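S.K.: Dumping the structure here so I can ask a few things about it.
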Amino acid sequence: MVFTATRSSLAIVVCALALTSHLPTTKAQQFENLGFDSASIVLVPGDGYRRVEFAPAFPSWNGLVGGVTPERALHNNVFLSTAAIGIEGSPGNYAALIEAGLNEGTSTLVSSSLSQAGLVPLSANSMHFRAQVYGSFQVSLQGQPLTLLQQGQDGHYVFYAADVSLFSGQIAELQFSSLPNPASNPHSHAYIDAITFSPLIVPEPSAITLAALGAVPLIFTRRKRKAP
(Lines give C-alpha, C1' and ligand atoms only; values in the text may rest on other atoms or scores of the structure.)
Protein backbone atom coordinates (compact mmCIF):
# COMPACT_ATOMS: atom_id res chain seq x y z
CA MET A 1 0.00 0.00 0.00
CA VAL A 2 1.32 3.43 -0.88
CA PHE A 3 0.90 6.17 1.73
CA THR A 4 0.14 9.60 0.30
CA ALA A 5 1.03 12.49 2.59
CA THR A 6 -1.53 15.23 2.96
CA ARG A 7 -1.15 18.70 4.38
CA SER A 8 -2.96 17.68 7.56
CA SER A 9 -0.84 14.57 8.14
CA LEU A 10 2.38 16.49 7.54
CA ALA A 11 1.25 19.15 9.98
CA ILE A 12 0.63 16.52 12.67
CA VAL A 13 4.06 14.99 12.13
CA VAL A 14 5.78 18.40 12.30
CA CYS A 15 3.93 19.29 15.51
CA ALA A 16 4.83 15.95 17.12
CA LEU A 17 8.51 16.39 16.25
CA ALA A 18 8.50 19.93 17.61
CA LEU A 19 7.00 18.80 20.92
CA THR A 20 9.32 15.82 21.43
CA SER A 21 12.40 17.89 20.59
CA HIS A 22 11.77 20.01 23.70
CA LEU A 23 11.39 17.08 26.08
CA PRO A 24 14.42 16.77 28.43
CA THR A 25 16.29 13.49 28.33
CA THR A 26 16.40 11.35 31.46
CA LYS A 27 20.20 11.14 31.35
CA ALA A 28 20.58 14.91 31.33
CA GLN A 29 18.46 15.17 34.49
CA GLN A 30 20.41 12.72 36.63
CA PHE A 31 22.65 13.94 39.44
CA GLU A 32 26.26 13.23 38.48
CA ASN A 33 29.69 13.22 40.12
CA LEU A 34 28.20 13.00 43.60
CA GLY A 35 31.45 11.62 44.96
CA PHE A 36 33.60 14.29 43.22
CA ASP A 37 35.81 11.56 41.75
CA SER A 38 35.32 12.76 38.16
CA ALA A 39 37.68 15.66 38.85
CA SER A 40 40.40 16.51 36.35
CA ILE A 41 43.27 18.48 37.82
CA VAL A 42 44.41 21.29 35.51
CA LEU A 43 46.95 23.58 37.17
CA VAL A 44 46.64 27.31 36.56
CA PRO A 45 50.06 28.48 35.30
CA GLY A 46 51.74 31.00 37.58
CA ASP A 47 49.16 30.75 40.38
CA GLY A 48 50.89 31.39 43.70
CA TYR A 49 48.58 28.98 45.55
CA ARG A 50 48.91 26.26 42.91
CA ARG A 51 45.20 26.45 42.24
CA VAL A 52 43.51 24.50 39.48
CA GLU A 53 40.83 25.34 36.92
CA PHE A 54 37.41 25.12 38.57
CA ALA A 55 35.32 23.66 35.72
CA PRO A 56 37.35 20.47 35.09
CA ALA A 57 37.82 19.99 38.85
CA PHE A 58 34.04 20.04 39.45
CA PRO A 59 32.22 18.60 36.42
CA SER A 60 28.41 18.80 36.78
CA TRP A 61 28.70 21.22 39.73
CA ASN A 62 28.18 24.97 39.93
CA GLY A 63 30.20 27.00 42.42
CA LEU A 64 29.67 30.39 44.01
CA VAL A 65 32.06 32.34 46.21
CA GLY A 66 30.53 35.60 47.36
CA GLY A 67 27.88 35.17 44.67
CA VAL A 68 30.46 34.89 41.86
CA THR A 69 31.38 31.75 39.92
CA PRO A 70 35.07 31.01 40.61
CA GLU A 71 37.48 30.31 37.79
CA ARG A 72 40.00 28.66 40.12
CA ALA A 73 39.81 26.09 42.89
CA LEU A 74 42.21 25.11 45.64
CA HIS A 75 43.89 21.72 45.32
CA ASN A 76 44.95 19.90 48.51
CA ASN A 77 45.17 23.24 50.26
CA VAL A 78 43.02 25.44 52.48
CA PHE A 79 42.88 29.20 53.04
CA LEU A 80 43.11 30.33 56.66
CA SER A 81 40.64 33.21 56.36
CA THR A 82 39.62 33.64 52.70
CA ALA A 83 36.51 32.15 51.11
CA ALA A 84 37.16 29.54 48.43
CA ILE A 85 36.19 26.19 46.94
CA GLY A 86 38.69 23.37 46.68
CA ILE A 87 39.20 19.77 45.62
CA GLU A 88 41.11 17.51 47.99
CA GLY A 89 42.51 14.03 47.61
CA SER A 90 43.90 11.94 44.78
CA PRO A 91 42.41 10.34 41.64
CA GLY A 92 39.53 8.07 42.60
CA ASN A 93 39.36 9.47 46.12
CA TYR A 94 38.41 13.15 45.98
CA ALA A 95 36.32 15.29 48.31
CA ALA A 96 35.04 18.85 47.96
CA LEU A 97 35.98 21.77 50.21
CA ILE A 98 33.77 24.84 50.63
CA GLU A 99 35.09 27.74 52.70
CA ALA A 100 33.31 30.85 53.92
CA GLY A 101 35.41 33.82 54.94
CA LEU A 102 36.82 37.02 53.54
CA ASN A 103 36.15 37.75 49.91
CA GLU A 104 39.57 37.55 48.25
CA GLY A 105 41.29 40.93 48.38
CA THR A 106 38.61 42.54 50.58
CA SER A 107 37.49 42.65 54.20
CA THR A 108 33.93 41.49 53.40
CA LEU A 109 32.71 38.16 54.77
CA VAL A 110 31.04 35.96 52.15
CA SER A 111 29.67 32.44 51.83
CA SER A 112 30.65 29.73 49.38
CA SER A 113 28.55 26.95 47.90
CA LEU A 114 28.41 24.05 45.48
CA SER A 115 25.14 23.21 43.75
CA GLN A 116 23.72 20.91 41.11
CA ALA A 117 20.23 20.43 39.66
CA GLY A 118 19.06 16.91 38.98
CA LEU A 119 16.28 14.36 39.25
CA VAL A 120 15.68 13.07 42.76
CA PRO A 121 15.04 9.33 42.26
CA LEU A 122 11.40 8.34 42.54
CA SER A 123 12.31 5.75 45.18
CA ALA A 124 14.36 8.18 47.29
CA ASN A 125 13.26 8.86 50.86
CA SER A 126 16.59 10.13 52.11
CA MET A 127 19.91 11.62 51.07
CA HIS A 128 23.19 10.59 52.72
CA PHE A 129 26.69 12.05 52.67
CA ARG A 130 29.77 12.34 54.83
CA ALA A 131 31.40 15.58 55.89
CA GLN A 132 33.85 17.33 58.16
CA VAL A 133 32.12 20.51 59.29
CA TYR A 134 33.74 23.49 61.00
CA GLY A 135 31.37 26.37 61.68
CA SER A 136 28.08 27.23 59.97
CA PHE A 137 26.94 24.79 57.30
CA GLN A 138 23.70 24.38 55.37
CA VAL A 139 22.31 21.87 52.90
CA SER A 140 19.23 22.74 50.87
CA LEU A 141 17.09 21.11 48.21
CA GLN A 142 15.17 23.40 45.87
CA GLY A 143 15.90 26.28 48.22
CA GLN A 144 14.54 24.54 51.33
CA PRO A 145 17.10 23.89 54.12
CA LEU A 146 17.28 20.23 55.10
CA THR A 147 17.44 18.99 58.68
CA LEU A 148 20.57 16.86 59.03
CA LEU A 149 20.84 13.92 61.38
CA GLN A 150 24.15 12.34 62.37
CA GLN A 151 24.31 8.64 61.48
CA GLY A 152 27.79 7.74 62.70
CA GLN A 153 31.42 8.68 62.30
CA ASP A 154 34.53 7.40 60.53
CA GLY A 155 37.65 9.20 61.70
CA HIS A 156 37.19 12.93 61.09
CA TYR A 157 34.19 12.35 58.83
CA VAL A 158 30.63 12.33 60.20
CA PHE A 159 27.86 10.57 58.26
CA TYR A 160 24.70 12.65 57.77
CA ALA A 161 21.22 11.86 56.49
CA ALA A 162 18.26 14.04 55.54
CA ASP A 163 14.65 13.37 54.59
CA VAL A 164 14.08 14.20 50.89
CA SER A 165 10.84 12.26 50.39
CA LEU A 166 8.92 15.43 49.48
CA PHE A 167 11.14 15.82 46.40
CA SER A 168 11.04 12.23 45.12
CA GLY A 169 10.62 12.11 41.35
CA GLN A 170 11.21 15.85 40.96
CA ILE A 171 14.01 17.90 39.43
CA ALA A 172 15.52 19.97 42.24
CA GLU A 173 18.68 21.93 42.99
CA LEU A 174 20.90 20.45 45.67
CA GLN A 175 23.16 22.99 47.39
CA PHE A 176 25.88 22.71 50.04
CA SER A 177 26.93 26.00 51.66
CA SER A 178 29.47 27.26 54.18
CA LEU A 179 28.23 30.42 55.85
CA PRO A 180 30.29 33.04 57.70
CA ASN A 181 29.30 33.52 61.31
CA PRO A 182 31.01 36.66 62.68
CA ALA A 183 29.89 35.91 66.23
CA SER A 184 31.54 32.47 66.47
CA ASN A 185 33.49 31.38 63.40
CA PRO A 186 33.82 33.78 60.44
CA HIS A 187 35.89 31.18 58.60
CA SER A 188 33.43 28.29 58.36
CA HIS A 189 34.41 25.44 56.08
CA ALA A 190 33.37 21.89 55.28
CA TYR A 191 34.69 18.86 53.43
CA ILE A 192 31.95 16.93 51.60
CA ASP A 193 31.98 13.50 49.99
CA ALA A 194 29.98 10.38 49.05
CA ILE A 195 26.54 11.89 48.37
CA THR A 196 23.85 9.27 47.72
CA PHE A 197 20.07 8.98 47.55
CA SER A 198 18.42 6.05 49.31
CA PRO A 199 14.97 4.47 49.78
CA LEU A 200 15.71 4.26 53.53
CA ILE A 201 13.42 6.38 55.69
CA VAL A 202 15.09 8.87 58.05
CA PRO A 203 13.56 8.84 61.55
CA GLU A 204 11.94 11.98 62.87
CA PRO A 205 14.50 14.18 64.71
CA SER A 206 14.11 14.52 68.46
CA ALA A 207 14.42 17.81 70.30
CA ILE A 208 18.08 17.02 70.96
CA THR A 209 19.06 16.02 67.42
CA LEU A 210 17.11 18.78 65.69
CA ALA A 211 19.90 20.92 64.25
CA ALA A 212 17.99 23.63 62.43
CA LEU A 213 14.55 25.12 61.97
CA GLY A 214 13.33 26.96 58.90
CA ALA A 215 16.08 29.00 57.24
CA VAL A 216 18.42 28.92 60.23
CA PRO A 217 21.75 27.42 59.09
CA LEU A 218 23.05 24.27 60.69
CA ILE A 219 25.91 25.02 63.06
CA PHE A 220 28.44 22.43 64.19
CA THR A 221 31.52 23.01 66.30
CA ARG A 222 34.47 20.72 65.73
CA ARG A 223 38.22 21.01 66.11
CA LYS A 224 39.68 22.90 63.18
CA ARG A 225 42.09 20.96 61.01
CA LYS A 226 45.48 22.48 60.40
CA ALA A 227 46.20 23.75 56.92
CA PRO A 228 48.43 21.52 54.77
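S.K.: Which one of the conditions (1) among the small types (G, A, S); (2) modelled with pLDDT of 95 or more; (3) buried (at least 21 other Cβ atoms within 10 Å of the Cβ) does S115 fail to meet, given that it meets all the rest?
M.R.: (3)
S.K.: A further question on this structure: Scan region 102-112 and give yes if some residue there is buried (at least 20 other Cβ atoms within 10 Å of the Cβ), in contact (Cβ under 8 Å) with a residue 40 or more places away in the chain, more than 16 Å from S40 (Cα to Cα) and of a type in the set (S, T, N, Q), otherwise no.
M.R.: So far as region 102-112 goes, yes, one or more of its residues are buried (at least 20 other Cβ atoms within 10 Å of the Cβ), in contact (Cβ under 8 Å) with a residue 40 or more places away in the chain, more than 16 Å from S40 (Cα to Cα) and of a type in the set (S, T, N, Q).
S.K.: Considering (1) surrounded by 17 or more Cβ atoms within 10 Å (Cβ to Cβ); (2) at pLDDT below 95; (3) not in a strand (DSSP E or B), say which one A124 fails and leave the rest.
M.R.: It fails just one condition, (2).
S.K.: Condition first: in contact with a strand residue (DSSP E or B) (Cβ under 6 Å, 6 or more places away or on another chain) and of a type in the set (G, A, S). Now tell me which residues in region 29-46 satisfy that.
M.R.: If the condition is that a residue be in contact with a strand residue (DSSP E or B) (Cβ under 6 Å, 6 or more places away or on another chain) and of a type in the set (G, A, S), then G35, A39 are the ones that fit.
S.K.: Within the set of pairs 6 or more residues apart or between chains, which connect a residue that is touching a residue at least 12 places away in the same chain (Cβ under 8 Å) and closer than 23 Å to A83 by Cβ inside region 116-134 to a residue that is surrounded by fewer than 20 Cβ atoms within 10 Å (Cβ to Cβ) and of a type in the set (S, T, Y) with Cβ atoms less than 6 Å apart?
M.R.: From region 116-134, the pairs are Q116/S60; R130/Y157; Q132/Y157.
S.K.: Within the group G105, G152, G118, which residue is over 24 Å from A39 (Cα atoms), in a strand (DSSP E or B) and of a type outside the set (S, T, Y)?
M.R.: Unique residue meeting the criteria: G152.
The values are calculated or read from the model by the stated rules, or taken from the named source; none is laboratory data. What you see is a predicted model, and the numbers here were worked out from it, not measured in a lab. Because the Cβ atoms are built from the backbone with ideal geometry, glycine has one as well, and the counts that use them run over all protein chains shown.
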